[in-house]
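A short write-up of the structure that comes next.
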Amino acid sequence: MAQLSPVLKQATPVLAERGEGVYLYDKAGRRHLDFTAGIGVTSTGHCHPRVVEAAQRQVATLIHGQYTTVMHEPLLRLTERLGEVLPEGVDSLFYMNSGSEAVEAAVRLARHATGRQNILVFQGGFHGRTMGAAALTTAGTKFRAGLGPLMPGVVVAPFPTAYRYGWSEDEATRFALRELDYVLATSGAPKDIAAFIVEPVLGEGGYIPAPPAFLEGLRERADRHGFLLIVDEVQTGFGRTGRFWGHQHSGVRPDILITAKGLASGFPLSAIAAPAALMERAWPGSQGGTYGGNAVACAAALATLDVIQDEGLVENAAEMGARLQDGLRKVAADHPAVGDVRGLGLMQASEFTTPGGEPDPGAAQRAHKAAADRGLLLLTCGAHGNVVRMIPALVVDSGQIDEALALWREAVTEATA
Ligand code: PMP
């Protein structure tokens with residue numbers, strides 16, 4: 001009898017049958033408050049009626065157009081609409097299905113456009129699991145171990161991680177930029193570097209927002225040395241952080257933007273965006289794929305954009321995120337095992353540490369399980385697995401935030417008793 005591979009590691013034991021907004025219902029009819037949103041994907045909530053309607057309509061019209069063979073309307077309309085939300089001039093688009101594929105497409109474009117090979121990444125960054133993306137990923141050795149020689153040409157520099165060293169954000173930024181210059185002077189020759197790739201908030205690596213001054217420092221060095229600045233907005237995009245794009249918490253302009261996850265409310269769709277002049281430095285046919293820009297996924301993305309706009313979900317993410325962070329800080333104040341609370345918008349996390357300040361993955365896992373036992377679904381992250389993150393759909397309301405916080409308080413109390 002066929003069975004699921006034991007390589008699957010499932011965060012919760014839930015067998016989901018139905019989803020509605022921020023809730024999932026299992027086969028027994030039990031309701032779970034879903035603060036994972038399918039790893040930050042169901043931006044408009046599970047099965048938003050307008051997304052369902054748009055997808056159903058498209059399924060009955062054209063499922064698979066295949067845009068490297070024939071063009072289709074949903075993709076053209078989506079491209080036009082994305083132009084309204086993308087950073088000015090960064091509006092030439094190419095579509096794929098997953099975050100990893102889009103990361104690889106961005107690297108391909110950066111190499112083609114610059115004629116240079118190397119990519120500079122920041123320690124703790126997560127960019128995907130396909131072999132090229134895995135080579136760029138330093139969010140944990142579990143994503144690299146046993147993979148043999150990965151893609152060469154990846155240069156690693158530190159990300160500003162204030163909490164780990166007991167620093168202020170300014171001190172962490174100064175350190176990271178100084179180290180970056182040292183890396184550029186010692187191992188990563190600037191003339192060989194095609195691009196930096198950076199997450200506006202380190203995601204799988206522990207939910208650490210990039211200080212604006214750090215991103216500005218990257219922009220300045222990119223301009224000075226002729227690198228491209230790639231922002232990986234796979235997790236931070238589409239309103240998640242309380243701005244439409246995570247990098248918009250700074251004044252920095254990216255050269256290539258990568259989006260996926262929240263873009264289509266659960267349908268597989270991803271894209272890279274760059275100025276047309278940059279895309280022109282590659283050539284027709286240099287990017288492709290069988291399923292990219294699927295017509296149903298594009299229709300769902302159009303509906304997602306409508307819902308985000310009409311329901312004010314970016315503003316809601318900012319407001320609800322502040323409420324969530326405030327509540328998490330109150331829980332942390334009563335539980336010393338939570339050493340830090342941080343995040344932007346609806347991307348919030350609690351880091352568990354021992355009294356000596358060392359990572360405490362055991363406490364994080366106990367809290368995660370105690371929350372799931374109470375019907376609150378969460379995810380862990382961080383290189384040591386000692387960070388518990390909350391990433392609810394952008395439609396979450398204040399009652400649901402308070403409900404989650406009450407369950408979280410009980411879970412942390414049980415986990416650290
Ligand atoms: N980049 C970032 C910042 C991500 O968070 C993820 C997924 N967690 C990826 C890339 C990879 O996306 P996918 O799993 O869709 O390949």
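Taking the stated definitions as given, is GLY375 at pLDDT below 95 and surrounded by fewer than 21 Cβ atoms within 10 Å (Cβ to Cβ)? Steps first, answer last, please.
Details: at pLDDT below 95: no; surrounded by fewer than 21 Cβ atoms within 10 Å (Cβ to Cβ): yes.
Criteria not met by GLY375.
Right, ARG116: in contact with a strand residue (DSSP E or B) (Cβ under 6 Å, 6 or more places away or on another chain), away from the ligand (no atom under 16 Å from the Cβ) and not in a helix (DSSP H, G or I) or not? Before you say what the answer is, go through the steps one by one.
Working: in contact with a strand residue (DSSP E or B) (Cβ under 6 Å, 6 or more places away or on another chain): yes; away from the ligand (no atom under 16 Å from the Cβ): yes; not in a helix (DSSP H, G or I): yes.
In short, yes.
Which residue is nearest to VAL314 (Cα to Cα), if the candidates are limited to segment 228-240 and must be within 12 Å of the ligand (Cβ to nearest atom) and part of a loop (DSSP other than H, G, I, E, B)?
Taking segment 228-240 first, the residues within 12 Å of the ligand (Cβ to nearest atom) are 230-237, 240.
Filter once more, so that each one left must be part of a loop (DSSP other than H, G, I, E, B): 233-237, 240.
On the way: GLU233: 15, VAL234: 16, GLN235: 14, THR236: 12, GLY237: 10, ARG240: 7 Å.
Checking each candidate, the answer is ARG240.
From the set of residues in segment 88-109 that are outside any helix (DSSP H, G or I) and polar (S, T, N, Q), which is nearest to the ligand (Cβ to nearest atom)?
Taking segment 88-109 and keeping what is outside any helix (DSSP H, G or I), we get 88-98.
With the extra rule that they be polar (S, T, N, Q), the set shrinks to 92, 97-98.
Details: SER92: 21, ASN97: 8, SER98: 4 Å.
The extreme case among them is SER98.
Pick from segment 1-28 the residues that are more than 22 Å from ALA370 (Cβ to Cβ) and at pLDDT below 95: which of them is surrounded by the most Cβ atoms within 10 Å (Cβ to Cβ)? It would help to see each step written out before you state the result.
Here is the first cut: in segment 1-28, the ones more than 22 Å from ALA370 (Cβ to Cβ) are 1-8, 17-21, 27.
Next, only the ones that are at pLDDT below 95 stay: 1, 27.
Numbers: MET1: 2, LYS27: 10.
Per the stated criteria, the residue is LYS27.
Yes or no: segment 173-188 includes at least one residue that is within 16 Å of the ligand (Cβ to nearest atom), more than 29 Å from VAL388 (Cβ to Cβ) and small (Gly, Ala, Ser).
Narrowing segment 173-188 to residues within 16 Å of the ligand (Cβ to nearest atom): none.
For segment 173-188, residues within 16 Å of the ligand (Cβ to nearest atom), more than 29 Å from VAL388 (Cβ to Cβ) and small (Gly, Ala, Ser): absent.
Looking only at residues in segment 249-282 that are within 16 Å of the ligand (Cβ to nearest atom) and assigned to a helix (DSSP H, G or I), which one is surrounded by the fewest Cβ atoms within 10 Å (Cβ to Cβ)? Explain how you work it out, then say what you get.
Applying the first criterion (within 16 Å of the ligand (Cβ to nearest atom)) to segment 249-282 yields 249, 254, 256-273.
Imposing the further condition that a residue be assigned to a helix (DSSP H, G or I) reduces the set to 249, 261-264.
On the way: HIS249: 20, LYS261: 28, GLY262: 29, LEU263: 29, ALA264: 32.
The qualifying residue surrounded by the fewest Cβ atoms within 10 Å (Cβ to Cβ) is HIS249.
Do any residues in segment 123-150 that are more than 21 Å from ILE208 (Cβ to Cβ) have Cβ atoms under 7 Å from those of residues that are outside any loop (DSSP other than H, G, I, E, B) and more than 14 Å from the ligand (Cβ to nearest atom), where the two are at least six apart or on different chains, and which pairs are they?
ALA135/VAL154
Return the only residue of GLY293, GLY357 being outside any helix (DSSP H, G or I), closer than 20 Å to SER43 by Cβ and either of a type outside the set (Phe, Trp, Tyr) or more than 22 Å from the chain's Cα centre (by Cα) (or both). Before you say what the answer is, go through the steps one by one.
Working: GLY357 fails: closer than 20 Å to SER43 by Cβ.
Answer to the selection: GLY293.
Any chance you could count how many residues in segment 66-81 are surrounded by 18 or more Cβ atoms within 10 Å (Cβ to Cβ), touching a helix residue (DSSP H, G or I) at 6+ places or on another chain (Cβ under 8 Å) and in a helix (DSSP H, G or I)?
To start, the set of residues in segment 66-81 that are surrounded by 18 or more Cβ atoms within 10 Å (Cβ to Cβ) comprises 67, 72, 74-75, 78-79.
Applying the additional criterion that residues be touching a helix residue (DSSP H, G or I) at 6+ places or on another chain (Cβ under 8 Å) yields 67, 72, 74-75, 78.
Still in the running and in a helix (DSSP H, G or I): 74-75, 78.
Number satisfying all stated conditions: 3.
Please work out which one of (1) within 16 Å of the ligand (Cβ to nearest atom); (2) assigned to a strand (DSSP E or B) is the condition ALA194 fails and give its number.
(1)
Six or more apart or on different chains, Cβ atoms under 8 Å: show the pairs whose first residue is in segment 1-30 and closer than 22 Å to VAL395 by Cβ and of a type outside the set (Ser, Thr, Tyr) and whose second is part of a loop (DSSP other than H, G, I, E, B) and modelled with pLDDT under 95.
From segment 1-30, the pairs are GLU17/LYS27.
Within segment 343-354, take every residue that is farther than 12 Å from THR241 by Cβ and crowded, with 20+ Cβ neighbours inside 10 Å and give me the one that is nearest to the chain's Cα centre (by Cα). Spell out the reasoning first.
Of all residues in segment 343-354, those farther than 12 Å from THR241 by Cβ come to 349-354.
So of that shortlist, the ones also crowded, with 20+ Cβ neighbours inside 10 Å come out as 349-353.
Details: ALA349: 14, SER350: 17, GLU351: 18, PHE352: 21, THR353: 24 Å.
Step by step, filter segment 343-354, then rank; the result is ALA349.
If you check ARG224 against the conditions, is it charged (D, E, K, R) and more than 16 Å from the ligand (Cβ to nearest atom)?
Numbers: charged (D, E, K, R): yes; more than 16 Å from the ligand (Cβ to nearest atom): yes.
Answer is yes for this residue.
Can LEU177 be described as assigned by TED's automatic domain parsing to the domain that holds TYR291, under 26 Å from ILE272 (Cα atoms), modelled with pLDDT of 95 or more and not polar (S, T, N, Q)?
Numbers: assigned by TED's automatic domain parsing to the domain that holds TYR291: yes; under 26 Å from ILE272 (Cα atoms): no; modelled with pLDDT of 95 or more: yes; not polar (S, T, N, Q): yes.
No, not satisfied.
Which residue is farthest from the ligand (Cβ to nearest atom), if the candidates are limited to segment 120-133 and must be part of a helix (DSSP H, G or I) and within 21 Å of PHE227 (Cα to Cα)?
Applying the first criterion (part of a helix (DSSP H, G or I)) to segment 120-133 yields 131-133.
Filter once more, keeping what is within 21 Å of PHE227 (Cα to Cα): 132-133.
Values: GLY132: 11, ALA133: 7 Å.
Out of the qualifying residues, it is GLY132.
The values are calculated or read from the model by the stated rules, or taken from the named source; none is laboratory data. Since we're looking at a predicted model, the values are computed, not measured. No Cβ is skipped: glycine too gets one built from the backbone with ideal geometry, and neighbour counts run over all protein chains shown.
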